[in-house]
Amino acid sequence: MDAYELITRNADEVVTDEEVRELAADPDGKRAYVGYEPSGVLHLGHLLTANKLIDLQDAGMEVVVLLADVHAYLNGKGTFEEIRETAERMRAQFLAYGLEEDKTEFVYGSTYQLEEEYVLDLHALELETTLKRAQRAMAEIQGGETAKVSHVVYPLMQALDIEYLDLDLAVGGMDQRKVHMLAREELPSIGYESRPCLHTPIVADLTTGEGKMSSSAGVTISMEDSTQELEEKVNSAFCPPTRNPEGDLENPVLELFEYHVFPRFESITVERPEKYGGDLTYESYETLAADLESGELHPADAKGTLASYLDELIAPGREKLRELRG
């Protein structure tokens, strides 16, 4: 797989393809980032973008993980002391999950976001951005909360981060798209270049196939989960024998295979007794999905296999959490 394929694998959107192709032509030393609010234990939402960061490292790029403590404070996630304790746990979990320590730079937002130059640039950006535009950028991240002044400052800071972290590529889930579009539109107004961006998919709710998987609502899988808890969650997951069975419903079991398992394993083996056809080995997601749709692969066997591979992926992070908690 060449650098462009690695960089764009499993991306929902690349803005723009021409810019990313240029980046992929000479990726060594180029810098990409994802920003995370330190607000708890890593879950599959975090790990989907972490998989993309691993792809970018494999393509030769340097990775910056912004531990966005100021953003978390603005979003009401606790005191700075509480947020930083969470951030250090998250840092350890990311490394346990598979990010290469010597190719990953972890940065606290507070190390530069409180400096005079950054604050003055933030005010300059506030002068260039309408309230309506800032609210639109933050809407998907904010959810149903009543808007506060901090919520409209938040996306402007994200835009500035792209400049201040000296980045060549901004990465985030599709819920970050409006923020990245704001950055591309508004950064040039204060004298900075726009950057390309890449958006990863949002996995559907595990039990319904609707909306998105969320740690604040519904069921998600996190590094806190024991093997048994993980198995129970996967076994209860919505898994019809079609990829998009009806309307807006998705198949979260297939999505987890596509975005979490196949990017990290060269092949997947479904273990079955001989009387049910024996083991099945898959080297591509499309083949597994086709077998599920045809009936060759039973949903129960797919779920059991998914739980096993997900458990292997999160086990190092689970162990790291135990160490940190004593």
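Let me know the whole percent of all Cα-Cα pairs from the range 233-326 that are separated by more than 23 Å. Value for the range 233-326: 28 percent of Cα pairs lie more than 23 Å apart.
Taken about its Cα centre, the chain carries a charge dipole of roughly 860 debye when the Cβ of each Lys and Arg holds +1 and the Cβ of each Asp and Glu holds -1.
Using only side-chain charges placed at the Cβ, +1 for Lys and Arg and -1 for Asp and Glu, the dipole size of the range 190-241 relative to its Cα centre rounds to 280 debye. DSSP beta bridges fully contained in the range 3-200 are about 15 percent antiparallel. Centroid-to-centroid, using Cα positions, the range 1-41 and the range 249-277 are 25 Å apart. Counting other Cβ atoms within 10 Å, which GluC sites (Glu not before Pro) in the range 46-115 have at most 13 and lie in a DSSP loop? Here the GluC sites (Glu not before Pro) that fit, given the DSSP loop and packing criteria, are 100, 115. Applying both filters, DSSP loop and at most 14 other Cβ atoms within 10 Å, to the GluC sites (Glu not before Pro) of the range 264-326 gives 266, 271, 283, 296. Size check on the range 167-326: the Cα extents along the three principal axes, sorted descending, read 68, 46, 31 Å. Comparing 272, 91, 195 in a Gaussian network model of the chain where C-alpha atoms under 10 Å apart are linked, the largest mean-square fluctuation is found at 272. Kindly express, to the nearest 10 degrees and within the range 0 to 90, the angle between helix 177-186's C-alpha long axis and the longest C-alpha principal axis of the chain. In the chain, helix 177-186 runs at an angle near 30 degrees to the longest axis.
Within the shell of other residues whose beta carbon sits under 14 angstrom from the beta carbon of residue 283, the net charge comes to -4, with Lys and Arg scored +1 and Asp and Glu -1. Under a no-solvent Debye model with one identical scatterer per Cα of the range 99-206, what's log10 I(q)/I(0) at q = 0.13, 0.19 Å⁻¹? Log-scaled intensity ratios, in q order: -0.51, -1.05. Taking the chain on its own, what percent of its Cα-Cα pair distances exceed 31 Å? Distances greater than 31 Å cover 33 percent of the Cα pairs. Of 52/303; 212/320; 30/103; 52/320; 178/212; 77/320, which sit over 19 Å apart, Cα to Cα? Beyond 19 Å between Cα atoms: 52/303; 212/320; 52/320; 77/320. For the range 1-104, the fraction of alpha-carbon pairs lying more than 16 Å apart is 59 percent, rounded to a whole number.
Model label points for residue 5 and residue 85, set 7 angstrom from Cα along the Cα-to-Cβ axis, are 4.7 nm apart. Structural descriptor for the chain: relative contact order 19 percent, calculated from alpha carbon pairs under 8 angstrom and at least 6 residues apart.
Both radii were evaluated on the Cα set of the range 48-159; the Rg over Rh quotient, with Rh as the Kirkwood radius, amounts to 1.00.
Taking only Cα atoms, what is the 0 to 90° angle, nearest 10, from helix 116-128's long axis to the longest principal axis of the chain? For 116-128 against the chain, the angle is about 90 degrees. Between the Cα long axis of helix 131-142 and the first principal axis of the chain there is an angle of about 30°, rounded to the nearest 10.
The HN-Hα couplings worked out from phi for the range 14-19 by the Karplus form 6.51 cos²θ - 1.76 cosθ + 1.60 (θ = phi - 60°) are 10, 10, 9, 4, 4, 5 Hz, whole numbers, x standing for Gly and Pro. The 3J(HN,Hα) values that the Karplus relation (6.51, -1.76, 1.60; θ = phi - 60°) gives for the range 46-60 are, in residue order, 4, 6, 5, 6, 5, 4, 5, 4, 5, 4, 5, 5, 5, 7, x Hz. Gly and Pro appear as x. With neighbour counts taken as other beta-carbon atoms within 10 Å, the residues 132, 303 rank, fewest first, as 132, 303.
Rounded to 0.05, the FRET efficiency of the residue 315 and residue 25 pair, given R0 = 35 Å and the Cβ-Cβ distance, is 0.40.
Coordinate-derived values only; no laboratory data. Bear in mind that the values here come from a model prediction, so they are computed numbers and not experimental data. Every residue, glycine as well, gets a Cβ built from its backbone with ideal geometry; the counts of neighbours run over all protein chains shown.
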